[in-house]
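Have a look at the structure below, then the notes.
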Amino acid sequence: MADRQFDSPDALARSLASFLVRLARRCVRQRGRFSLVLSGGGTPLPLYRLLGQEPWRSQMPWAHTWLLQGDERAVPPHDNRSNWALIRATFGDLPLADDHWLRMRGELGALAGARDYQLRLHVWAGGIDLPRFDLVLLGMGEDGHVASLFPGRPAAAVQGALVVAETAAIGQPPVPRISLALPLINAARYRCLLLTGSRKRLLWQQLQQRPTRLLQLPVSQLARPLFCYMSE
Ligand code: 6PG
């Protein structure tokens, strides 16, 4: 597990953008494609902005890249609470074919949206039961949630599904949600946690001691290799 500490979110984003380009190019060389699961929330936005700008934009192998979602609020894509709306607005106009974006359909609601995404992932993965993404980007809440898997909620403990519905109006904003399940997140080749602010950094540092009281948090159940990029 590699932790990287930066002085600012911009410095974090620049370093992670360069890491992502190197990883993407290596994955394309080795397997012909790069699959990146995008986190919702605000922390990854500076990274998304940089990937749509030079020099990273022309360095990324977009023709062989697929962008997927890690979680989504159960709202329509034009709703200002939608992770998709923020992601697309922040990336800007990428040279990425429409069928290389795999959007969670929040407009279907949490349960139907989760079922829909699971089916579409199955097709995207060529019918294999457990797709293996190259990299999953994740934010973390101050309560230790990742994606839309919240402490103590059934969705965080689901083992038999790849995509789960969080039917409670939970998180910020408090709405039902769709989320990749932990087994699918942990099946990825790499996971990268992006943390900003002292409270999240303190929680992350406490987690390194693996105290029993924190082991049940979704963030504690992330598999390795797990990169953690932190900034003020
Ligand atoms: C969401 C996000 C969420 C996020 C964390 C951190 O839909 O709200 O996916 O899980 O990653 O809450 O959010 P910030 O990066 O905005 O602090």
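Go through segment 8-46 and count every residue that is among the polar types (S, T, N, Q) and in contact with an Asp or Glu (Cβ under 9 Å, 6 or more places away or on another chain).
3
Being of a type in the set (D, E, K, R), assigned to a helix (DSSP H, G or I), within 18 Å of Leu195 (Cα to Cα) and in contact (Cβ under 8 Å) with a residue 12 or more places away in the chain, is that true of even one residue in segment 52-64?
Checked against the condition, which is being of a type in the set (D, E, K, R), assigned to a helix (DSSP H, G or I), within 18 Å of Leu195 (Cα to Cα) and in contact (Cβ under 8 Å) with a residue 12 or more places away in the chain, segment 52-64 yields no hits at all.
Under the condition of being without any contact (Cβ under 8 Å) to a residue 40 or more places away in the chain and within 16 Å of the ligand (Cβ to nearest atom), which residue from segment 70-81 is surrounded by the fewest Cβ atoms within 10 Å (Cβ to Cβ)?
Asn80
In this structure, does Asp99 turn out to be within 22 Å of Leu195 (Cβ to Cβ) and of a type outside the set (A, V, I, L, M, F, W, C)?
Answer is no for this residue.
Do you know which residues across segment 145-174 are in contact with a strand residue (DSSP E or B) (Cβ under 8 Å, 6 or more places away or on another chain) and within 9 Å of the ligand (Cβ to nearest atom)?
Val146, Ala147, Ser148, Leu149, Phe150, Gly171, Pro173
Could you list, in sequence order, all residues of segment 70-125 that are in contact with an Asp or Glu (Cβ under 7 Å, 6 or more places away or on another chain), of a type in the set (A, V, I, L, M, F, W, C) and within 14 Å of Leu38 (Cβ to Cβ)?
Within segment 70-125, Trp84, Ala85, Met104 qualify.
Could you tell me whether segment 90-97 includes any residue that is surrounded by 20 or more Cβ atoms within 10 Å (Cβ to Cβ), hydroxyl-bearing (Ser, Thr, Tyr) and either within 25 Å of Thr43 (Cα to Cα) or away from the ligand (no atom under 16 Å from the Cβ) (or both)?
No: segment 90-97 contains no residue that is surrounded by 20 or more Cβ atoms within 10 Å (Cβ to Cβ), hydroxyl-bearing (Ser, Thr, Tyr) and either within 25 Å of Thr43 (Cα to Cα) or away from the ligand (no atom under 16 Å from the Cβ) (or both).
Select from segment 156-170 the residues that are buried (at least 16 other Cβ atoms within 10 Å of the Cβ) and either touching a Cys at 6+ places or on another chain (Cβ under 9 Å) or free of Cβ contacts under 8 Å to residues at least 40 places away in the same chain (or both) and write down the one among them that is nearest to Glu72 (Cα to Cα).
Once the filter is applied, the top-ranked residue is Ile170.
Here, each number is a calculation from the coordinates, and none is a lab measurement. Because the structure is predicted, anything quoted here is derived from the model rather than measured. Glycine gets a Cβ as well: all are built from the backbone with ideal geometry, and neighbour counts include every protein chain shown.
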